[in-house]
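Notes for the one structure printed next.
The values are calculated or read from the model by the stated rules, or taken from the named source; none is laboratory data. What you are looking at is a predicted structure, and each value in this text was computed from that prediction instead of being measured. Backbone-built Cβ (ideal geometry, glycine too); neighbour counts: all protein chains shown.
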């Protein structure tokens with residue numbers, strides 16, 4: 001060992017793989033459902049090279065130009081021997097005396113920091129290992145590929161100590177040093193920010209997790225959208241919340257998410273009747289959707305009756321009753337009977353109204369007749385009359401007319417034609433962002449391959 005030039009890089013090579021491989025412990029993984037970071041290709045290569053050299057009984061070549069003090073050169077071989085023999089207690093016992101040597105050079109100090117890192121990890125001294133990592137990072141000893149995983153290890157430690165501020169700080173530094181972070185790792189950061197009530201950062205990182213999953217061809221986890229919804233509620237960001245909810249219902253359609261969307265539309269549009277009829281319609285026409293509350297179904301029934309579409313009122317009430325959400329007795333039963341009576345009257349009057357609308361130069365009349373046919377469930381005739389009205393021109397709300405046309409085509413299973421109608425509705429919506437949003441919901445639904453329409 002005489003005259004051996006001890007290089008920090010040489011010594012680090014033997015321990016870097018184990019340090020870099022360190023990841024969040026099982027308790028953290030379970031809490032955040034986040035797998036540990038994988039080793040980088042550089043780390044794996046270093047680990048394989050180390051194994052090869054151990055098999056051959058060789059040591060890595062010393063780094064030229066390393067500057068070690070004379071006293072350190074004298075004492076270091078004994079400690080290195082203990083390291084080679086994995087006598088970690090002896091290594092730890094020897095370190096204080098080495099720390100106290102006079103005239104230690106930066107290279108001496110780096111080697112000592114590396115040995116302390118290796119020994120505390122090998123002995124399972126969690127507190128000592130954490131302190132060693134912090135020193136290693138603070139002094140700038142870590143290689144670029146070590147920095148991220150070391151911060152990840154620190155995040156795991158402080159998470160165990162329930163120090164949320166330090167946990168999120170170190171995990172953020174891990175993510176910042178990991179340009180190819182996976183969606184599970186990004187959502188972990190989002191959850192950590194959520195724990196510290198930093199809702200802006202939480203929403204941002206949950207969104208990045210969703211985007212990374214999508215770009216990788218994976219379906220984002222439902223919980224990520226749910227947590228992001230909570231963030232937007234806390235931030236009182238209705239636009240961000242709608243964007244998130246609409247994306248959520250596209251992947252995971254159900255009555256609860258549709259109801260949240262409808263509730264936001266109602267508040268933001270001050271219960272605009274045209275918007276609300278279309279919002280209720282897209283929710284209830286979806287076989288995987290619907291509404292989650294009695295008030296939702298009763299609101300749909302009331303809005304549809306006022307708009308002259310008793311069939312929609314009836315279908316909404318019938319679905320709500322079938323799902324056990326709307327009580328089937330009392331005033332609800334009376335409202336259902338009222339809607340059914342109106343449907344019967346419309347069936348008698350619609351043929352005459354259709355003939356008159358065909359002769360009228362105003363397309364608005366034909367579209368209203370088309371709504372009547374949609375109400376009674378005659379979707380073929382509804383498509384015919386709505387298209388006639390749009391062709392004639394003079395339709396007050398082309399966005400509304402095209403949404404109705406698309407809904408009728410969806411009931412007939414003519415999805416490609418329906419998509420064209422919804423795209424036309426979005427284009428016609430102009431400043432009415434909510435009608436464009438509803439067109440977007442329909443387009444997502446039209447792109448799904450599922451069972452027959454709820455009203456079919």
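List of remarks:
- Comparison of 431, 357 shows that the only residue that is surrounded by fewer than 24 Cβ atoms within 10 Å (Cβ to Cβ), at pLDDT below 95 and either in contact with a strand residue (DSSP E or B) (Cβ under 6 Å, 6 or more places away or on another chain) or over 26 Å from residue 253 (Cβ atoms) (or both) is 431.
- Subset of the range 405-422 [touching a residue at least 40 places away in the same chain (Cβ under 8 Å) and surrounded by 24 or more Cβ atoms within 10 Å (Cβ to Cβ)]: 406, 407, 410
- Within the range 135-166, the set of residues being touching a residue at least 40 places away in the same chain (Cβ under 8 Å) and in a loop (DSSP other than H, G, I, E, B) comprises 141, 143.
- Picking from residues in the range 395-422 that are part of a loop (DSSP other than H, G, I, E, B) and within 19 Å of residue 284 (Cβ to Cβ), the one that is nearest to the chain's Cα centre (by Cα) is 413.
- Flag if residue 425 is buried (at least 20 other Cβ atoms within 10 Å of the Cβ) and over 17 Å from residue 312 (Cα atoms): yes
- Single residue of the range 381-394 satisfying the filter (surrounded by fewer than 24 Cβ atoms within 10 Å (Cβ to Cβ) and under 40 Å from the mean Cα position of the chain (by Cα)) that is nearest to residue 317 (Cα to Cα): 387
Residue-wise test of (1) part of a helix (DSSP H, G or I); (2) outside the structural domain of residue 386 (by TED's automatic domain parsing); (3) surrounded by fewer than 19 Cβ atoms within 10 Å (Cβ to Cβ); (4) touching a residue at least 24 places away in the same chain (Cβ under 8 Å).
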residue: 277; (1), (2), (3), (4): yes, no, no, yes
residue: 283; (1), (2), (3), (4): yes, no, no, yes
residue: 289; (1), (2), (3), (4): no, no, no, yes
residue: 295; (1), (2), (3), (4): yes, no, yes, no
residue: 298; (1), (2), (3), (4): yes, no, no, yes
residue: 328; (1), (2), (3), (4): no, no, yes, no
residue: 348; (1), (2), (3), (4): yes, no, yes, no
residue: 365; (1), (2), (3), (4): yes, no, no, yes
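- Hey, residue 141 assigned by TED's automatic domain parsing to the domain that holds residue 113 and closer than 14 Å to residue 195 by Cβ or not: no
- Which numbered condition residue 391 misses (of (1) over 22 Å from residue 362 (Cβ atoms); (2) without any contact (Cβ under 8 Å) to a residue 60 or more places away in the chain): (1)
This table checks each residue for (1) in contact with a helix residue (DSSP H, G or I) (Cβ under 9 Å, 6 or more places away or on another chain); (2) buried (at least 19 other Cβ atoms within 10 Å of the Cβ); (3) under 22 Å from residue 170 (Cα atoms).
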residue: 87; (1), (2), (3): yes, no, no
residue: 96; (1), (2), (3): no, no, no
residue: 122; (1), (2), (3): yes, no, no
residue: 125; (1), (2), (3): yes, no, yes
